[in-house]
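Every read-out reported here was derived from the displayed coordinates using simple, explicitly stated rules and does not represent laboratory data. These numbers were taken from a predicted model, which means no experiment stands behind them. Positions of Cβ are generated from backbone atoms using ideal geometry, with glycine treated the same way; all protein chains shown enter the neighbour counts.
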Amino acid sequence: MSTPSPSLDTTRSRISRPPDWAVLSLLCLGQLIVVLDLSIVNVALPAIQGSLDFSDAGLQWVVNGYAITFAGFLLLGGRVADLIGRRRVFLIGLTIFTLASLAGGLARSSEWLVIARVIQGFGGALLSPATLAILSTTFTEGKARARATAAWGAISGAGAALGSVLGGVLTDIASWQWIFYVNIPLGALALALTYPLLGESRGAAGKRLDGVGAVLVTTALVALVFGAVDSQNHGWSASSTWGPIAGAAALLVWFTLHEAKVAVAPLIPLYVLKIRSVAFANIVMFWIGAAVIAHFYFLSLYMQNILGYNAFRTGIAFLPGAVAMTIGAYSGPPLVKRFGGVRPLLTGAPALSALGLLWLAFVPDHGSFALHVLIPQVLITLGAGLVMVPLVIAATGGVAPAEAGVASGIINTTRQFGGAIGLAVLATIAASRTGSGSGGHPPSHAELLSGYHAAFGVGAVFAVVALGFTFGLRTVAPPIPTAATPAEPEIDAPESDAALETTESSPARP
C-alpha cells in the first residue's frame, strides 16, 4: 500500500481542518480561564477571610497556593505537552482545573480552599503552555502567527485585569464562591470544543521525559517562591525564608549540570537559552511580570482600604486597565510595522509602565479616581500590553517546532514566576514599612499608604530594569541546531532594529 506524499497530506489537512478563528478562540479561552484565576481572588479576599476564618498570615495562601504550583510546574507542563501530545495535555489540564474550581467553590474550611487552589495551579500549569504550543505549531505563516500571538497576548495580559473586574462584580452581586463557579461553564465549553477543533501534535518522536530534570527544576522553583512568600511573615533573615531560597539555588545548579552533562533527553535543551533573543526576552518578561502583576494586588488594597471602595466598585475600576492592555497587545504588531522595527516598542512600553507605577507611588490619602487610579492604571497596563507580543514572538520564534511546548513553558514560567516573586518582595516591603509605623495597633490610613507607596515605587524600579534589558534584544537568533548541523555562533544584528522582527516572524528552521 502506497504512502500519500507529504504534499497531499498537507493539502488534505488544510481542506479538512477547522477555521483558524475557531481554533484561536478555543486556545484563547483556555488561556483566559488560567489567567483569570491569577487575580480573580484579589478583590474577594476580605469576604473569603470572613467566611472561612482565615488568619491574616493564612489568607495570602489563597493567592500564593495557586501562584506557587502554577509557576513551579509550567516547565514540566510544556515538556509533557511536547512528549505525549499537546491536545491531550490541554484536555488533562482543563479537566483538572475545572474540577478544582468546583472544589474551591464548595470549600467549607480554609485548608480545603488552599488545597483546591494548589490543584488549580497544577491544572493551569498543564493547560497554559499547551495553548501556546498549539498556537505556535498551528499558525506558522508570518501574518497569521502575528495576529494569533497578538490575540493570545491580549488575553494573557488583559485576563489579569479582567479577573479583578469579575472578582469584584461576582463577590458583590452573588458571593465569593462564584469566582470559582464561573470556571465551570467556561471549562465545560472548552472541553466540548477540544476534539472538534484541535488536532493532536507532539514534538520529535522517540524523546523521553527527563524525570530527574523535571523533579529538580520544579522543586527549585517551588522552593524559591515559597521562600520569597514566607518573607512576608518572618522577614528575609529568617531561616524559613533563606533556607528554601538557598536550597533552590543549589537545585538549579544541579539541574543545569544535569541538563548539560547527564540528561539524554533534556527537559530544557540548553541551546534554547543560548539564543540571545530568547534569553533576553525571558529576562525582560520576568521584570515586567514582577512590576505589573503585583500592582493589581496593591491597587485593589489602595482602593478598598484607602479610598473606601466596595468590591463591586473596585472591580469596575479595573475595567479601563483591561481595555488598555487589550488595545496594547493588538496594537503591537501594527506599531512595529509603522516604526520599522521593534526597538521603539520594546523601550517605550516598559517606560510607560514605569511612569504609571511611579505615579502610584505618590497617590494621596484622599485621591480621585480619574487622577490617581485611572491614569496610572492605563499607563501601566498599556505598556504591559504593548510589550507582550514582541516578547512572546522573540521567546518562541527562534526554536524548532518540536521544542514549541518547552519554549512556551519557559516564557510562561518567566512571567508568572516574576509575578510571584515580585508580589512576595513588594508585599514584604509594604508590610515592613507599615509595621514600622503601626506600633502594635491597627495601621492607620497614612501607615497603610506608606506601605503601598513603597511597593509601587520599587515596582517602578522593576519596570526600569526591564527597560534596561530590552537593549539586549539586538541579535539575530541562530539557526536551530540539528543532529547534522551544530549550532552556529550568534550573529550581531545590523544597525537596523528590524532584524529581530524579520527573524522572529519567520518560521523556525527544523
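Taken along its principal axes, the alpha carbon cloud of region 232-289 reaches lengths of 39, 30, 12 Å, longest axis first. With a Förster radius of 35 Å applied to the beta-carbon distance between residue 25 and residue 273, the computed FRET efficiency rounds to 0.60. Each listed q (0.13, 0.16, 0.21 Å⁻¹) maps to a log10 I(q)/I(0) for region 41-161, found by the Debye formula over equal Cα scatterers with no solvent: -0.59, -0.81, -1.14. If you take the beta carbon distance between residue 254 and residue 109 as r and set R0 to 51 Å, what does 1/(1 + (r/R0)^6) give as a FRET efficiency, to the nearest 0.05? Plugging the Cβ-Cβ distance into 1/(1 + (r/R0)^6) gives 0.85.
Ellipsoid semi-axes for region 151-194, based on the Cα gyration tensor and the rule √(5λ), read 20, 17, 5 Å when sorted largest first.
Put in line by how crowded their Cβ is, counting other Cβ atoms within 10 Å and starting with the fewest, 277, 109 read 109, 277.
Counting every C-alpha pair in region 210-264, the share spaced more than 15 angstrom apart comes to 46%.
In terms of other Cβ atoms within 10 Å, 111, 259 run from fewest to most in the order 111, 259.
With one equal scatterer per alpha carbon and no solvent term, the Debye-computed log10 I(q)/I(0) for region 346-393 at 0.28 1/Å reads -0.92.
Relative to one another, the C-alpha centroids of region 305-340 and region 94-155 are positioned 21 Å apart.
From most to least packed by mean Cβ count within 10 Å, the peptides 116-124, 23-31, 385-393, 184-192 give 385-393, 116-124, 23-31, 184-192.
Derived from the Cα gyration tensor, the three semi-axes of the equivalent ellipsoid of region 309-350 are 31, 10, 4 Å, largest first. Take every Cα pair under 8 Å whose residues are at least 6 apart in sequence, average their separation, divide by the length of region 210-264, and the relative contact order is 45 percent.
When the Cα gyration tensor is reduced to axis lengths a ≥ b ≥ c, the ratio a/c is 1.5 or higher for region 140-230, and with a/b not above b/c it is classed as oblate. Once a ≥ b ≥ c are taken as the square roots of the eigenvalues of the Cα gyration tensor of region 182-332, is the result rounded (a/c under 1.5), prolate (a/b larger than b/c) or oblate (a/b not larger than b/c)? It is oblate, given that a/c is not under 1.5 and a/b is not larger than b/c.
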